[in-house]
Amino acid sequence: MTSISPSNAPLVQFLLRRADDALILGHRLSEWVGHAPMLEEEMALGNMGLDLIGQARSLYQYAGEVEGAGHSEDDFAYLRRESAYRNVLLVEQPNGDFAETMIRQFFYAAFADPYWRAMKASSDPTIAAIAAKSEKEMTYHLRHSAEWVVRLGDSTAEARRRIEAAISRFWPFTGELFSSDELDASVIATGAAIDPDTIRAEWLATVQSVFVRAKLTVPTSTWMHRGGRSGQHSEHFGHLLSELQYMQRAVPGAVW
Amino acid sequence: MYTQALNSNPDKGSASLEDAELSARFQARVDAEERIEPNDWMPAAYRRTLTRQISQHAHSEIVGMLPEGNWITRAPSLRRKAALLAKVQDECGHGLYLYAAAETLGTSREELIDQLLSGKAKYSSIFNYPVPTWADVGAIGWLVDGAAIMNQIPLCRCSYGPYARAMIRVCKEESFHQRQGYEIMLTLSRGNDEQKAMAQDALNRWWWPCLMMFGPPDTESQHSDQSTTWKIKRFSNDELRQKFVDATVPQAHFLGLTIPDASLHYDEASGHWVYGEIDWDEFRQVIAGNGPCNRDRLAARRKAHDEGAWVREAALAFVAKSANASVAA
């Protein structure tokens, strides 16, 4: 099956961006299954992965409906090349150790929780409904990951060394969460979405308060990576997609 | 139940004289179908047998996450991906639940997991077979979970209360998994030629190992008699195996698949499907550690355990620190 090229209609692209964030982070979390540090975390990582994959499905389904070109959720997930994916670079970064996975989750959830809360006021009722469900889930992700950040920051020397390394690895990927372009702007103008930059202050306040409890320092660097939203991905991303899309590419056009 | 062989677990003592009267009272309660609870008196051998059986079952759930977990990142659709992730998560939940049931008998989860990782404790032989294709995920749900259900439904009436109650919940989830697995097989067998071939190939590889899941033939089973008296076991290995074959053969026919057993035939007189000779030598080899994936499975569990050690230490250190802080405050 050849790859698809989704419509460039702003609302379609907007939905795909959000869906891609959720799917790719969910996929990364699912890589932990069977390999987590303890059974309780097997459950938690799997749960969070499942939530995110569920959010992605709702968003892809709605994108297909809005687009009206007959594309299914699976067409969007399995039949787009790297450059057609529009997730932020943060979510595609490899898991690394448990501290890295948790800090990536924390940075994302500290954004997504207030983002979806605000999106419940979307003028688009389907988006508002997806936001209501997603917000509940992201509140849990934020609480769970924040608890781990505190535990890892304020316990053993090794855990502290690892969480500090994780923070410095992922910090430069956080800026892209708040970015938007003309395409987003036209959706924001309709009232269907909010400007993600309006979440920045709350995000930073959350990070600061959790880091204080964890006795960790918030990085001051302002230089940030960008590219995912315009389809320019890291080297890791192609490997992720070749795994995720393997069956649909190997046995094209089949019903599963 | 995924318990097929004895652990080489040494007796922890208490082999002294057990009060004959307590023993008789215990057996009378079992005979009257009462449930034995954690604080009740029980024979040391009953406690040992159950600890072994429940922990082997727990280990099987946890090791069993690996073969299927292998396909979560490659599942062919988002619906399948979510369902498989949820399923593997259920297995983990079963493991946790069962370790908790085993802990009520006085052995900690840490100790039980150490027995698994050191190779001292067994887990089901079935998880030492590889899962090379997507059809294997369907075959595992249909056949492996199907066989597990046959074994586990009678355990819902096991004399030990915590195990029996755990089994009720586990069986509900397993039967959902089994239907899900069968539905994957149905989709494949109604699909294109490549999908049909994939389904048949998976059945060919899983059929015989699934029959082995019920354990050695009754003529060789080492600990059935005592377990039957204690009402831990309600049916013999061969009885359960036959039930499984009788239930599964028509399902395979409905899929249009061929059971890989040339001598399989229906016996009108008994009303049973008669199956061919099981390769018990293969079974013994897999149990002894020589299956295709024994080393990989244990290595994966050990790696997760070792690489997670600093996380568990950090969590404990944090709890200790918080406790000290609240004492000091």
When you look at residue A:118, is it at pLDDT 95 or above, open to solvent by 10 Å² or more (accessible area, probe 1.4 Å), away from chain B (no Cβ under 13 Å) and farther than 18 Å from residue B:82 by Cβ, yes or no? yes
For segment A:1-80, give me every one of the helices (runs of 4 or more DSSP H) that falls completely inside it and has 3 or more residues that are at positive phi, away from chain B (no Cβ under 14 Å) and surrounded by 24 or more Cβ atoms within 10 Å (Cβ to Cβ). none
Quick test for you: out of A:200, A:226, pick the one residue that is of a type in the set (D, E, K, R), more than 14 Å from chain B (Cβ to nearest Cβ) and assigned to a loop (DSSP other than H, G, I, E, B). A:226
For segment B:298-329, which positions are touching a residue at least 12 places away in the same chain (Cβ under 8 Å) and either open to solvent by 80 Å² or more (accessible area, probe 1.4 Å) or at the interface with chain A (Cβ under 10 Å from one of its Cβ atoms) (or both)? B:300, B:301, B:302, B:305
Just for helices (runs of 4 or more DSSP H) wholly inside segment B:101-220: which have at least 3 residues that are away from chain A (no Cβ under 14 Å) and under 30 Å from residue B:34 (Cβ atoms)? B:145-152, B:161-189
Residue count, segment A:203-223, condition touching a residue at least 40 places away in the same chain (Cβ under 8 Å), open to solvent by less than 40 Å² (accessible area, probe 1.4 Å) and outside any helix (DSSP H, G or I), comes to 3
Only one of these is more than 18 Å from residue B:106 (Cβ to Cβ), in a helix (DSSP H, G or I) and open to solvent by less than 10 Å² (accessible area, probe 1.4 Å): B:23, B:60. Name it. B:60
Output the residues belonging to segment B:123-145 that are crowded, with 24+ Cβ neighbours inside 10 Å and under 11 Å from residue B:209 (Cβ atoms). B:124, B:125, B:126, B:127, B:139, B:140, B:143, B:144
Pairs please, first residue from segment A:148-160 and over 10 Å from residue A:99 (Cβ atoms) and facing chain B (nearest Cβ under 7 Å), second anywhere and of a type in the set (D, E, K, R) and assigned to a helix (DSSP H, G or I), Cβ atoms under 8 Å, 6+ apart in sequence or on different chains. A:154/A:160; A:154/A:213; A:154/B:321; A:155/B:313; A:155/B:321; A:156/B:313
Quick test of your reading of the structure: residue A:131 fulfils all but one of (1) free of Cβ contacts under 8 Å to residues at least 24 places away in the same chain; (2) open to solvent by 20 Å² or more (accessible area, probe 1.4 Å); (3) closer than 24 Å to residue A:230 by Cα. Name the failing condition by number. (2)
Filter pass, residue B:48 being basic (Lys, Arg) and either closer than 30 Å to residue A:76 by Cβ or buried (at least 21 other Cβ atoms within 10 Å of the Cβ) (or both): no
Just give me the residues in segment B:73-100 being over 15 Å from residue A:31 (Cα atoms), open to solvent by 20 Å² or more (accessible area, probe 1.4 Å) and at the interface with chain A (Cβ under 7 Å from one of its Cβ atoms), in sequence order. B:96
Cβ pairs under 7 Å, 6+ apart or interchain, first in segment A:231-244 and free of Cβ contacts under 8 Å to residues at least 12 places away in the same chain, second assigned to a helix (DSSP H, G or I) and buried (at least 17 other Cβ atoms within 10 Å of the Cβ), ordered by first then second residue, are A:243/B:73; A:243/B:74
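The values are calculated or read from the model by the stated rules, or taken from the named source; none is laboratory data. Remember, predicted model here, so these are calculated numbers, not experimental data. Cβ sites come from the backbone with ideal geometry, for glycine too, and all protein chains shown count toward neighbours. Accessible surface is based on the protein model in full, side chains and every heavy atom, while ligands, DNA and RNA are left aside. Shrake-Rupley method; radii C 1.70, N 1.55, O 1.52, S 1.80 Å.
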